[in-house]
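The structure appears right after this line, and notes come after that.
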Amino acid sequence: MATTALLAALLIVIAGCAPNPVPPTTLVIASATPVAQTPAPSSSLATVDAASVELHYLDARYVPADAPVSADGQLLWTAGENGPSEIWRYVPGAAEPERLFASPRQDGAITAVAGSRAGYAFAEESPRAFGEGGWRLWFLAAPGREPVEIDRGSAPGAGVAPTLAMDGEHVAWAAFDEPPAGPVSRLRLAAIASLPAVSTLIEAPIAERKLWYPALSGQELWYATIEPDPAGVRDEFHIEHLDLAEPQAPATVFRGPGHDFNPAVNARFVVWKTTDPGDAALNWGALRLLDRGTDAVRTIPVARANRPSIGDRFIAFDEVTHARLEVYDLATRRVVELGRSESAPAYGGISLSGSLLAFFTQDGGGQPRIGWAVLPG
């Protein structure tokens, strides 16, 4: 099937406005506390032989419009004749990929997708149907079902769609909206068992904070927050988390080394990105790893990285040159290089959940191609 080509660099522009102020969210400064004490990976496990990890590629006719996502043992991606108007999935071992959803809106554009054993959540924009900057958040229980609207908003000034997280019980999202009272940033949560009921966990004027990249782990909801510099010189940003079992409790600030962003979390580990002083939150940075059982913090030995994700034994990420496909082994504390290219194809869109790694390759101006691998336990 023909689709538009994927841009190797994903750029997000954050627009600043001057909304009416409201009281900020109360914060408690504390260190991260694990939800459950799961056994640490054994350091006695053998180092993974990269040659034993087989890289697979989908047929070239399945061209993604955005980076693929690894979710609950399946690959998810957007595609379409004129843009990202469809959601597709592939389950390793299946004969071929399957289309999950096709937007009935001619100009519909799916900007984010997440999945779990409970179904799928996705954000969609459509200027004709939703207005300029308008977006909808949908839940899809299964292929062929009608999606259920969870949330909606309009943010033409921000120009940024919601960022999503999903597990078997909840959908969480950080979104911008521009109501008459002034532009706001919101963190919201919906229990899949009681859709379309929605809880607003945080709402603040974007002049005070901008919320990004939610991550769910058990009864914890993690996210990143940017506090803009009024002078527009140096924003402050960090990571926080909420206890979903105590909905009235204030957020806990996660204190890393500073300039912390992009959390990925499970019951045992927290991985995140730190940028250099003066760099924007979305820039490339260093990856840090907290062992929640021992409070030990390590730096993953990759010069410049972004978009970390965490699986059963490994951490995945994009590295700045796009010339290497690498993962970090939590058991042996080593970076494992699964692929390398001196010129092309380039690797990008790296995503990991469980043991399923998703990525794409792209040869110069050619079409991107979806790849995947099953990592050892």
Quickly work out the Ser355-to-Arg340 label distance, labels modelled 7 Å from Cα along the C-beta direction, and quote it in nm with one decimal. 2.7
List Ser341, Ser52 from most exposed to least, where exposure is judged by having the fewest other Cβ atoms within 10 Å. Ser52, Ser341
When the Karplus curve 6.51 cos²θ - 1.76 cosθ + 1.60 is applied with θ = phi - 60°, which whole-Hz ³J(HN,Hα) does each residue of region 360-370 get, with x for Gly and Pro? 10, 10, 8, 9, x, x, x, 6, x, 10, 7
How big is region 66-189 on each of its three principal axes, counting only the C-alpha atoms and giving the largest first in Å? 51, 32, 24
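Which is the longest part of the chain that has none of the trypsin sites (Lys or Arg not before Pro) sitting in a DSSP loop with at most 14 other Cβ atoms within 10 Å?
Details: sites that count: Arg61, Arg117, Arg145, Arg234, Arg255, Arg333.
Longest run free of exposed loop sites: 146-233.
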Hey, fewest Cβ within 10 Å first, where do Thr361, Thr47 land in order? Thr47, Thr361
Value in Å of the Kirkwood radius, where region 27-374 supplies the Cα pairs that are averaged: 20.8
For region 56-126 and region 307-330, what is the separation of their C-alpha centers, rounded to whole Å? 22
Segment Arg117-Arg61, length gained on full extension (0.36 nm per residue, minus Cα span): 17.4 nm
Under 5 Å, built H, 5+ apart or other chain: amide partners of Gly339: Leu325
Averaged across orientations, what area in nm² does the convex hull of the alpha carbons in region 260-303 project? 3.1
Rounded to the nearest 500, what is the chain's calculated 222 nm mean residue ellipticity when only DSSP H runs of at least 4 contribute -39500 (n - 2.57) each, over all residues? 0 deg cm²/dmol
Anyone know which of Phe130, Phe254, Phe359 comes out most mobile in the 10 Å Cα GNM of the chain? Phe130
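Since every read-out is calculated from the coordinates, none of them should be taken as a lab result. Because the structure is predicted, anything quoted here is derived from the model rather than measured. Note that each Cβ is placed from the backbone with ideal geometry, even for glycine, and that neighbours are counted across all protein chains shown.
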